[in-house]
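The values are calculated or read from the model by the stated rules, or taken from the named source; none is laboratory data. The shown structure was predicted, so the numbers you read here are calculated from the model rather than taken from an experiment. Methodologically, a virtual Cβ is constructed for each residue, glycine included, from the backbone with ideal geometry; neighbour enumeration extends over all protein chains shown. For accessibility, only protein heavy atoms count, side chains too; no ligands or nucleic acids. Shrake-Rupley method; radii C 1.70, N 1.55, O 1.52, S 1.80 Å.
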Amino acid sequence: MTHILGLDPGLATLGFGALRCESGFGLRSADRVEVLDFGVIRTPAGTDMGDRLCTIFDDLHDLLNTVKPDLIALEKLFFYRMGNTIAVAQARGVIALVLAQHKLPVVEFTPAQVKQALTGYGNADKLAVQEAVARELSLATIPKPDDAADALAIALAAWFQR
């Protein structure tokens, strides 16, 4: 049995999705994957950057102590707007520190790798990925908010690539 925690890094919203996975002994169709928890860590805009990073630090420590993952799946930093990229990089640095303190193994995926793993198409749209998450996890609805659904997708990508 493996516990995987997927993380979708962000400063304002850090998505997380925790899975309990059990191998079907080589048959993917016999694998059992169960959602343990999902959600977001939020830091309010307008709050001092140091305080926002401290919130991520503290809340991620608490999450790791609760979930006790065996593996962390993390989305690689994606450059799209320089101002936002710097803030996300700062949050990602705090995430890397916390993960190192817990001595957890980390695998990283680009957005295209996650899309490919879940839909078979590296340029799939967000809805197709979210629908794949709901289908793979036997959920009646797409997980909300989007950052949590993305984190579950990242965790699933880690499970599929083993």
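Of all the residues that make up region 13-42, how many are modelled with pLDDT under 95 and of a type in the set (Gly, Ala, Ser)?
Looking only at that region, the number is 5.
Is there a residue being open to solvent by less than 30 Å² (accessible area, probe 1.4 Å) and in contact with a Gly (Cβ under 6 Å, 6 or more places away or on another chain) anywhere in region 32-49?
No: region 32-49 contains no residue that is open to solvent by less than 30 Å² (accessible area, probe 1.4 Å) and in contact with a Gly (Cβ under 6 Å, 6 or more places away or on another chain).
For region 153-162, does any single residue satisfy the condition of being over 13 Å from the mean Cα position of the chain (by Cα), assigned to a helix (DSSP H, G or I) and surrounded by 14 or more Cβ atoms within 10 Å (Cβ to Cβ)?
As a first pass, look at region 153-162 and keep what is over 13 Å from the mean Cα position of the chain (by Cα): 160-162.
Subsequent filtering for residues that are assigned to a helix (DSSP H, G or I) retains 160.
Still in the list and also surrounded by 14 or more Cβ atoms within 10 Å (Cβ to Cβ): 160.
Yes, some residue in region 153-162 is over 13 Å from the mean Cα position of the chain (by Cα), assigned to a helix (DSSP H, G or I) and surrounded by 14 or more Cβ atoms within 10 Å (Cβ to Cβ).
In region 1-25, how many residues are open to solvent by 10 Å² or more (accessible area, probe 1.4 Å) and of a type in the set (A, V, I, L, M, F, W, C)?
Of the residues in region 1-25, 5 are open to solvent by 10 Å² or more (accessible area, probe 1.4 Å) and of a type in the set (A, V, I, L, M, F, W, C).
What is the number of the single condition among (1) under 19 Å from residue 18 (Cβ atoms); (2) touching a residue at least 24 places away in the same chain (Cβ under 8 Å); (3) not β-branched (Val, Ile, Thr) that residue 87 does not meet?
Unmet condition: (1).
Considering 150, 70, 59, which residue is of a type outside the set (A, V, I, L, M), open to solvent by 10 Å² or more (accessible area, probe 1.4 Å) and within 19 Å of residue 2 (Cβ to Cβ)? Quick ask: steps written out before the conclusion?
On the way: 150 fails: within 19 Å of residue 2 (Cβ to Cβ); 59 fails: within 19 Å of residue 2 (Cβ to Cβ).
None of the other options fit; the residue is 70.
Could you tell me whether any residue of region 124-135 is outside any helix (DSSP H, G or I), under 25 Å from residue 68 (Cα atoms) and either without any contact (Cβ under 8 Å) to a residue 40 or more places away in the chain or in contact with a helix residue (DSSP H, G or I) (Cβ under 8 Å, 6 or more places away or on another chain) (or both)?
No: region 124-135 contains no residue that is outside any helix (DSSP H, G or I), under 25 Å from residue 68 (Cα atoms) and either without any contact (Cβ under 8 Å) to a residue 40 or more places away in the chain or in contact with a helix residue (DSSP H, G or I) (Cβ under 8 Å, 6 or more places away or on another chain) (or both).
Please determine whether any residue of region 104-117 is touching a Phe, Trp or Tyr at 6+ places or on another chain (Cβ under 8 Å), within 20 Å of residue 2 (Cβ to Cβ) and surrounded by 16 or more Cβ atoms within 10 Å (Cβ to Cβ).
Yes; the residues of region 104-117 include at least one that is touching a Phe, Trp or Tyr at 6+ places or on another chain (Cβ under 8 Å), within 20 Å of residue 2 (Cβ to Cβ) and surrounded by 16 or more Cβ atoms within 10 Å (Cβ to Cβ).
Against the definition (at pLDDT below 95, over 16 Å from residue 14 (Cβ atoms) and open to solvent by 30 Å² or more (accessible area, probe 1.4 Å)), how does residue 75 come out, yes or no? Quick ask: steps written out before the conclusion?
Values: at pLDDT below 95: yes; over 16 Å from residue 14 (Cβ atoms): no; open to solvent by 30 Å² or more (accessible area, probe 1.4 Å): yes.
When the stated conditions are applied, residue 75 does not pass them.
Among the residues of region 129-142, count how many are among the small types (Gly, Ala, Ser) and surrounded by 15 or more Cβ atoms within 10 Å (Cβ to Cβ).
Number of matching residues: 2.
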